[in-house]
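Written out below as structure tokens is the structure these notes cover.
The values are calculated or read from the model by the stated rules, or taken from the named source; none is laboratory data. Predicted model, so just to flag it, every value in this text is computed and none were measured. So basically every Cβ, Gly included, is an ideal-geometry build from the backbone, and we count neighbours across all protein chains shown. Only protein heavy atoms, including side chains, enter the accessible area calculation; ligands, DNA and RNA are left aside. Shrake-Rupley method; radii C 1.70, N 1.55, O 1.52, S 1.80 Å.
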Amino acid sequence: MIAGIRSFVDTEPVDVTILVFNTHPTKGDVACSDRLRAALQGRCDIRTVTADDGVRAMWSEMRACDIGLHMRMHGGIFAYLTGVPFTLVPYHRKCADFLTEIGQPMGRRLPVRPDDPYEVHKVLSGLLTSTERPLLDLTEFAHRARLNFTQAPWARPVA
């Protein structure tokens, strides 16, 4: 993954913002974010924004991005809601289900284990050039989200 990102950064004039959604000391993403930062050091400008900076800061930084590669589902959701072209590593079935539900184009999808740096680079490049967007309209997405609280079996009164 890091090799693919580094290859992309070496060929495109980009700055990188590392958004750390999970700062838990043992289960979080600080260590892997630090590895990415170290691998990109000197190749581009790098900023790090964490969940400790607050939801508004994370939202604002996401909106300022041109594209995104996300390792956490929350990153993919933020990108989708802000209209930022993104790819999400489908590390869990919930991620793959989310990508399917929103109609994420296949050219924006990475494998569960993105081991090929070229594939990562190719997907990132495609995010910059493709006009494809997820098929699901945000209004419909919001409507479906509300149904989780009104139509789910656990949300309805038991007769």
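A few comments on the model shown:
- Split the accessible area of the chain by element, probe 1.4 Å, and carbon with sulfur accounts for 54%.
- Summarised in one figure, the compactness ratio Rg/Rh of the chain, Cα atoms and Kirkwood Rh, is 1.00.
- Computed from the C-alpha gyration tensor, the three semi-axes of the ellipsoid equivalent to region 59-138 are 17, 15, 12 Å, from longest to shortest.
- Region 1-121: relative contact order as a whole-number percent, Cα under 8 Å and 6+ apart: 27 percent
- In the chain, the DSSP-assigned H stretches of four residues or longer account for a calculated mean residue ellipticity at 222 nm of -14500 deg cm²/dmol, using -39500 (n - 2.57) per stretch and the full residue count as denominator.
- Ordering of 137-149, 37-49, 109-121 by packing is 109-121, 37-49, 137-149, highest average first (other Cβ atoms within 10 Å, averaged per residue).
- If you run the Gaussian network model on the chain, springs between alpha carbon atoms under 10 Å, then out of L127, L88, L135 the most flexible one is L135.
- Using a Förster distance of 30 Å, the FRET efficiency for R47-D115 (Cβ separation, nearest 0.05): 0.65
- For region 1-53, the C-alpha radius of gyration sits at 1.16 times the compact-globule guess of 2.2 N^0.38 Å, with N the residue count.
- Per residue, the accessible area of the chain comes to 62 Å², computed with a 1.4 Å probe over protein heavy atoms only.
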